[in-house]
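The values are calculated or read from the model by the stated rules, or taken from the named source; none is laboratory data. Values in this document were obtained by computation on a predicted structure and should not be read as measured data. So basically every Cβ, Gly included, is an ideal-geometry build from the backbone, and we count neighbours across all protein chains shown.
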């Protein structure tokens, strides 16, 4: 597999089966696939950016950026949350996740998104421009997190306005607005 031969494109509404197959294959449990399915049908998650990675005709990766907002910000201020991202096991550690992130951030910039948040592995996401400990910059997660997880709450500003905007608490899509997703 040559990373240059991997095609990344926006998913269509008819590709939910392919998306969920990737999610189920990438994780040991079905919880991420269930969450993804809920997010794809959650009006509060829209507009979202959903990208699929293909090796030939085979879907091998998926990433979803759902709409979010910052408490106190104007409704027209665009903020997104990256969750989830999945790459099927035999394609992991080959750069596909990074390529999904790169394409997703590019698309979000085109849409006018100002900031993107993620709750994940700081070592991994730092390589893709995310800054750990978003709460230390005044951007609180939807639920209080244990201190040991504070570094995993990350942010990336896509515009200068995102860097200079007021701080506040992230309000995520309804499907993600459950404490269990924020205290791993």
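Structural remarks
- Qualifying position, being surrounded by fewer than 16 Cβ atoms within 10 Å (Cβ to Cβ) and within 23 Å of residue 121 (Cβ to Cβ), among 95, 13: 95
- Of the strands (runs of 3 or more DSSP E) lying entirely inside the range 80-184, the ones with 1 or more residues being touching a helix residue (DSSP H, G or I) at 6+ places or on another chain (Cβ under 7 Å) are found at 115-119, 153-157.
- One residue alone among 39, 35 is part of a helix (DSSP H, G or I) and either under 23 Å from residue 127 (Cα atoms) or in contact with a helix residue (DSSP H, G or I) (Cβ under 6 Å, 6 or more places away or on another chain) (or both), and that residue is 39.
- Looking at 10, 38, just one residue is in contact (Cβ under 8 Å) with a residue 40 or more places away in the chain and more than 20 Å from residue 176 (Cβ to Cβ), and that residue is 10.
Per-residue answers, yes or no, for (1) at pLDDT below 95; (2) closer than 29 Å to residue 143 by Cβ:
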site	(1), (2)
1	yes, no
8	no, no
46	no, yes
65	no, yes
83	no, yes
95	no, no
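- Breaking point among (1) out of contact with any helix residue (DSSP H, G or I) (no Cβ under 9 Å at 6 or more places or on another chain); (2) in a helix (DSSP H, G or I); (3) without any contact (Cβ under 8 Å) to a residue 40 or more places away in the chain, for residue 75: (2)
- Selection of the range 57-70 for residues being out of contact with any helix residue (DSSP H, G or I) (no Cβ under 7 Å at 6 or more places or on another chain) and in contact (Cβ under 8 Å) with a residue 12 or more places away in the chain yields 68, 69, 70.
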